[in-house]
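Everything on this sheet refers to the single structure shown next.
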Amino acid sequence: METESKIDFRRALEALRNGVPNRDAVSALGSNQPDAEKAFLQRLTAVQTFAGEGKQVPGLLIAGGFGAGKSHSLDYFEHLAVSKNFVCSRVVISKETPLFDPSKVYLAAIDGAVVPGLSGQAIREIALRLQPEGRKYAEFVEWANRPTSGLSEMFMATLLLHERLNNDPELLDHITNFWSGEPLSISRIRLGLKQIDCTGAYSLKAIKVKDLALQRFLFVSRLILAAGYSGWVLLIDEIELVGRYSILQRGRSYAELARWMGRVEGETYPGLTAVATITDDFGLAVLQEKSDRDRIGARFRAKETVEYTTLAGRAETGMRIIERETLTLKAPDELSLADTYQRIKEIHGKAYSWDPPEISTVEASMRRQMRSYVRRWVNEWDLRRLYPGAELSTEEEQRMGPTYEQDESLEELSESD
C-alpha cells in the first residue's frame, strides 16, 4: 500500500512538472479558483432541481490565459461531478473534434464519458442500470413517446426492443451502439419489432446526421436520469481553436457554443449542463480584430435562407457570451501560492520519503501563471534531492500563447456538411 501511495504521488509530480494535470495531481492540489468552483456547484444543484421539470441549466464559460489552470479546473470539476453521481464527459476541441460538428462532439463525449462507480462502454453500462419496473424508467418511456419529445421514432422503437428482447444479446449490442453514435439500419430495427409482434408500430425514417447527433444528446441526457444518475456534465476544453477556422466554421461554432450554454430558444437538454474553456484574449484577437462580431451575422443573413438566418442569431448569441458572460480565472495571489507551495512540498516528501528543504519563492505576479510556479518548485526539489549541496539556478520558462491564424487543415468538411 505504501509503494502504491508513492507511485501515485510521483505520478502527480510528473503531471505537474509537465503542466498536464491528471487525477493524482488534481486530487492532491484541489482547486484554487473558489469563484469558478462555486459557480459550478450551483449548476450541479440546479440540474438536480430542474431536470424533472424539463429545464436545461445554463452552462459556464471559463476564460484564462495559457497556463492559468483551465484544464486543471475542468479535471477538478470532473472529480466533483462524479462524486455527486453525475456522468461526466470531457471533450477537447481539435481537428478530429471540431466544435461546429455536433456528431463528432457527441462521439467524443461518449468516448470520454466517466460513469460513477463503473467502467467499460458508457452507454452499455448506463443501460444496464435501467429498471423497467421503476418510476424513473416509466417517466422516461412516457416522455420518449410524446410527439413533442423531439425524437425520431427510431429511438422509441429501440427503447422498446431494449426492454423486451433480453434473449437477443446481439440486437441489444446493436441498440446500445446506436445510442452511442454508431449506425443502425432501419431494416434491423424492423426485424426486431417483428420478433415482438410490433411490426408497423412505428414510422421509421432516415435521419440527417446532424439531427441524429442532437437527438442522441437529448435521448442520452434523459437516459442518464432514468438510470438513476444526477445528470450529465459536458466539459468542453480549448474553445479557442475556433479562432483558426474559416469565418463560416467560426460562425457555426459560435452557434454551437450558444447551444451548449443553454441559450438556444426552444431547444433544451434537461439533465445536462456544460462547462467550456476559452483563452482570455479571444474576444479581442478574434471577435474584434477579425471583425467576427460585425461580419458573421451579416454574412449568414446574406444567404437569405431560414437555416442561415437562424444560424446568424445563434452565432451572435455565442459571441455575446464570449464577450460578456465569461468567468475569468484569477491569477495566483500570495495566499494561494503559499497554500499550493505547501501542498506540493508535502507531495514531494511523500513521493521520495524525504524532507524537502525550503526554497526561495517568487512574488505573485499578474503575468506569471500558476503552472510556472509549480514547475519551478518541482524541478528545484528534484535537483536538490538528486544533487544535495550543489549550486543550483533555474531559468524562468517562456510563456506561450495560442495562435489564431487560419489553419487550412481544419477546414475539411464535417460529416453533417
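Can you spot the lysines whose alpha carbon is less than 24 Å from Lys194's alpha carbon? Ignore those fewer than 8 places along the same chain.
Lys205
Please find, in a Gaussian network model of the chain (springs between Cα atoms separated by less than 10 Å), the residue of Arg216, Arg375, Arg295 whose mean-square fluctuation is greatest.
Its mean-square fluctuation being the largest, the pick is Arg295.
How high is the relative contact order of the range 151-210, given as a whole-number percent (alpha carbon pairs under 8 Å, six or more residues apart)?
47
For the range 122-203, which GluC sites (Glu not before Pro) are in a loop by DSSP, counting at most 10 other Cβ atoms within 10 Å? Before the final figure, lay out the partial values.
Working: sites: Glu125, Glu133, Glu139, Glu142, Glu153, Glu163, Glu170; in loops: Glu133.
Filter output for the range 122-203: Glu133.
Only Cα pairs under 8 Å and at least 6 apart count here; give the relative contact order of the chain as a rounded whole percent.
The normalised contact order for the chain reaches 26 percent.
Of Lys210/Lys303; Lys95/Lys303; Lys6/Lys345, which sit over 25 Å apart, Cα to Cα?
Over 25 Å Cα-Cα: Lys95/Lys303.
Using the alpha-carbon atoms, what tilt in degrees (0 to 90, nearest 10) does helix 306-324 show relative to the longest principal axis of the chain?
It is inclined by approximately 20 degrees.
Which angle between 0 and 90 degrees, to the nearest 10, do you get for helix 153-164 versus the longest principal axis of the chain when only C-alpha atoms count?
Orientation of helix 153-164: about 90 degrees from the principal axis.
What distance in nm separates the simple spin-label points at Glu307 and Asp333, each placed 7 Å from Cα in the Cβ direction?
Simple spin-label model gives 5.1 nm for this pair.
Sequence neighbours fewer than 8 away in the same chain don't count; with that in mind, list the lysines whose C-alpha is under 18 Å from Lys70.
Lys38, Lys330
Could you tell me the extents of the range 126-213's C-alpha atoms along the three principal axes, largest first, rounded to whole Å?
Over the range 126-213, Cα extents along the principal axes are 33, 29, 25 Å.
Rounded to a whole number, what is D in µm²/s for the range 134-178 from Stokes-Einstein with the Kirkwood radius over alpha-carbon pairs (25 °C, 0.890 mPa s)?
Numbers: Rh = 11.2 Å.
D, rounded to a whole number, is 220 µm²/s.
Between Leu410 and His79, what length in nm is gained on full extension when 0.36 nm per residue of separation is reduced by their alpha carbon distance?
116.0 nm
Calculate the spin-label point distance for Ala298 paired with Glu391, positioning each point 7 Å from the Cα along the beta-carbon direction, and give it in nanometres.
With each label point 7 Å from Cα toward Cβ, the separation is 6.4 nm.
Can you tell me the Rg and Dmax of the range 83-233, counting just the alpha carbons, in angstroms?
Spelled out, the Cα radius of gyration and Dmax of the range 83-233 are 15.1, 46 Å.
Given 0.36 nm per residue, what is the gain on full extension from Asp35 to Leu383 after removing their alpha carbon distance, in nm?
On the way: separation 348, 0.36 × 348 = 125.28 nm, distance 3.54 nm.
Difference between extended and current length: 121.7 nm.
By how many nm would the segment from Ser246 to Ile186 grow when fully extended, if each residue of separation counts as 0.36 nm and the alpha-carbon distance is taken off?
18.0 nm
Please list, or write none, the lysines whose alpha carbon is within less than 19 Å of the alpha carbon of Lys136, excluding same-chain residues fewer than 8 places away.
Lys55, Lys84
Going by alpha carbons, how many degrees (0 to 90, nearest 10) lie between the helix axis of 292-301 and the longest principal axis of the chain?
10
I need the semi-axes of the equivalent ellipsoid of the chain: take the C-alpha gyration tensor, multiply each eigenvalue by 5, square-root it, list largest first in whole angstrom.
In descending order the semi-axes read 42, 28, 17 Å.
Sticking with the crude label model, points 7 Å out along Cα→Cβ, report the distance from Thr148 to Glu14 in nm, one decimal please.
Going by the 7 Å Cα→Cβ label model, 5.4 nm.
Can you tell me the convex hull volume per residue for the range 261-363, based on C-alpha atoms, in Å³ to the nearest whole number?
Here the figure is 177 Å³ per residue.
Would you mind ranking Asp339, Asp75 by Cβ crowding within 10 Å, fewest neighbours first?
Asp339, Asp75
Each value in this text was obtained by applying a stated rule to the coordinates, not by laboratory testing. If you're wondering where the values come from, they're calculated on a predicted model, not measured in any experiment. Counting neighbours? That spans all protein chains shown, and the Cβs are built from the backbone with ideal geometry, glycine included.
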